[in-house]
Amino acid sequence: MIIIGEKINGSIPSAAKAIAERDEAYIRELARKQSESGADYLDVNAGTPPDIERETLAWLIGLVQDEVDTPICIDSSNPETILEMIPLVKKPGMINSVSDEANKCERLFPHVASGEWKIIALTCDDRGIPAAPDRKFEIAGAIMKKADSFGIAQDRIFFDALVNTVGTTPLAQVSFTEASRRIKEAFPGVHLTSGLSNISFGMPCRKAINQCFLTLAMNSGLDSAIMDPTNSDMRAALYATQVLLALDEDCVDYLSAYRGGLFGVPKKP
Amino acid sequence: MSELLKEISENLQIGKAKIVAELVGRALSEGIPPQKILDDGLLAGMGIIGAKFKANEVFVPEVLVAARAMNKGTEILKPALAAEGISAKGKAVIGTVKGDLHDIGKNLVKMMMEGRGIEMVDLGVDVPPERFLEAAKEHGASIVCCSALLTTTMGEIKNVVELIKSSDIAGKVKVMIGGAPITRAYCDQIGADSYSPDAASAAEAAEALIS
């Protein structure tokens, strides 16, 4: 599993406060803790109004790179902002995200076509965020066509088939996994990821739903997640599912994560 | 008679749409005034759901089924309300701003406002400022509700506020705003009329604005 740590995000109230107060220590700690917990990329989202988004992101990126070596995932819905941040990042990471909205692919693909940048691609377009698997799949196809035309290899694309909220869309998980399966079938080289927690919006005990969703989605080929790697419940579900899907040979990762205290409470001798 | 209205409210709260429709029909045939059925039956029930939602006692799926039950009841009631010339308390247009495709919050606000007896015109997502203005004029709405989930699109809310405040319906139409990145400070800064942190509060605020 390729884990994208989601915690440095100004739409999370505690992070927003730290960003507003330019609390360096807090941001550094978020970066370090997520890296220690196994994050492969650290998502960085300013969560500020557009007029101060760029300076805020630049400040965050500088801090994170100074604290850890984990690659950065530049997160903005504005492709121009992403383009301005790319030169500030020391080593190729991820861009989050493109979709089939407006000219996002056309704007970003030329700048990342050569090189190692990974790309998160969302299955939405100017018509909205579809709930139906057919439409999700159709949009993925349109994005893939554009990626192909720029010579971007499949394994650099991380499709997020945008899971809906199960509280309002009963088929949220079913549609997500069906769309993800079909995307993987059609484009076997791509990765499948998900901003998992959207599924449980408006529900009590969200972690129960998030954990089970992670498991079901991994069973359908999800090989990446945008999540809180410091949350031990989610990590337990992740490592256990890897074992059950025979993705963790000899349970090596599960056991070392357990010994490292990433989840579970070790029994006293 | 009040027993029947109480039954309507109670069944609405647990989402029994069919029963609510039947009970509304019975209330009408018993000669209970339609306005009373609406206020003391349907809207009373949704009011309780709204308060419980705000207090984290009921959750999104439960609000949805209650709203569905209310709509079933309203369908039965509508002809009777129309016959007596009773119109909605007020009218509001609602939409997610340009560049933003998120509609869960917007839909919840819409439901909660309907639950307060306000007629809602839903413009959907990715709504440009001009569309908010046109729709407010076309429908004679007294409130425009703008939602944004992204920090990069919240600036569009300001564009809506500016367009409406500089139009010929300025002063006649209030602009309510909300969404994850929105704060009261932002509301004050851009000169919107009202900010609400959640759907139930938004409905309360809307009711206060039109009364």
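Quick notes
- Residue match in region B:49-70 (condition: away from chain A (no Cβ under 14 Å), assigned to a loop (DSSP other than H, G, I, E, B) and at pLDDT 95 or above): no
- Restricting attention to region A:44-91, the residues being facing chain B (nearest Cβ under 10 Å), under 20 Å from A:ARG32 (Cα atoms) and not small (Gly, Ala, Ser) number 2.
- Test for B:LYS78: is it within 19 Å of the chain's Cα centre (by Cα) and in a helix (DSSP H, G or I): yes
- Of residues in region A:101-124 being farther than 19 Å from A:ASN45 by Cα and in a strand (DSSP E or B), the one nearest to the other protein chains (Cβ to nearest Cβ): A:CYS124
- Test: residue in region A:37-52 that is crowded, with 22+ Cβ neighbours inside 10 Å, assigned to a helix (DSSP H, G or I) and not β-branched (Val, Ile, Thr): no
- Being surrounded by fewer than 22 Cβ atoms within 10 Å (Cβ to Cβ), farther than 29 Å from B:VAL63 by Cα and modelled with pLDDT under 95 is a property that holds for A:THR230.
- Sub-6 Å Cβ pairs linking a first residue in region B:182-194 that is over 22 Å from A:ILE12 (Cα atoms) to a second residue that is in a helix (DSSP H, G or I) and of a type outside the set (Ser, Thr, Tyr), at least 6 apart or interchain, are B:ILE190/B:LYS158; B:ILE190/B:VAL161; B:GLY191/B:VAL161; B:ALA192/B:VAL161; B:SER194/B:ALA205, ordered by first then second residue.
- Among the residues of region B:150-163, those identified as of a type in the set (A, V, I, L, M) and within 12 Å of another protein chain (Cβ to nearest Cβ) are B:LEU150, B:MET154, B:ILE157.
- Taken together, the criteria exclude A:ILE209 from residues that are assigned by TED's automatic domain parsing to the domain that holds A:GLY167, modelled with pLDDT of 95 or more and closer than 18 Å to A:LEU262 by Cα.
- Test: residue in region A:141-157 that is within 14 Å of chain B (Cβ to nearest Cβ) and not aromatic (Phe, Trp, Tyr): no
- A:VAL163 within 19 Å of the chain's Cα centre (by Cα) and within 13 Å of another protein chain (Cβ to nearest Cβ): yes
- Any hit, region A:88-100, residues being at negative phi, assigned to a loop (DSSP other than H, G, I, E, B) and within 17 Å of the chain's Cα centre (by Cα): yes
- Residue in region A:209-231 that is out of contact with any Pro (no Cβ under 6 Å at 6 or more places or on another chain) and within 14 Å of chain B (Cβ to nearest Cβ) present: yes
- In region A:179-216, the residues that are within 14 Å of the chain's Cα centre (by Cα), among the small types (Gly, Ala, Ser) and either part of a helix (DSSP H, G or I) or buried (at least 23 other Cβ atoms within 10 Å of the Cβ) (or both): A:SER194, A:SER197
- Any chance B:GLY41 is in contact (Cβ under 8 Å) with a residue 24 or more places away in the chain, more than 15 Å from the chain's Cα centre (by Cα) and either surrounded by fewer than 16 Cβ atoms within 10 Å (Cβ to Cβ) or in a loop (DSSP other than H, G, I, E, B) (or both): no
- For first residues located in region B:20-31 and part of a helix (DSSP H, G or I), partners that are aromatic (Phe, Trp, Tyr) and lie 6+ apart or on another chain with Cβ distances below 7 Å do not occur.
- Among the residues of region A:115-129, the ones that are over 19 Å from the mean Cα position of the chain (by Cα) and in contact (Cβ under 8 Å) with a residue 24 or more places away in the chain come to 1 in all.
- Of the residues contained in region A:170-192, one or more are found to be away from chain B (no Cβ under 14 Å), small (Gly, Ala, Ser), in contact with a Pro (Cβ under 6 Å, 6 or more places away or on another chain) and more than 27 Å from B:ALA55 (Cβ to Cβ).
- Residues within region B:136-165 that are part of a loop (DSSP other than H, G, I, E, B), under 17 Å from B:VAL109 (Cβ atoms) and in contact with a helix residue (DSSP H, G or I) (Cβ under 6 Å, 6 or more places away or on another chain), tallied: 2
- Of residues in region B:95-149 being within 27 Å of B:MET46 (Cα to Cα) and among the acidic types (Asp, Glu), the one farthest from the other protein chains (Cβ to nearest Cβ): B:GLU119
The values are calculated or read from the model by the stated rules, or taken from the named source; none is laboratory data. None of these values were measured; they are calculated from a predicted model. Ideal geometry is used to build each Cβ from the backbone, glycine not excepted, and the neighbour counts take in all protein chains shown.
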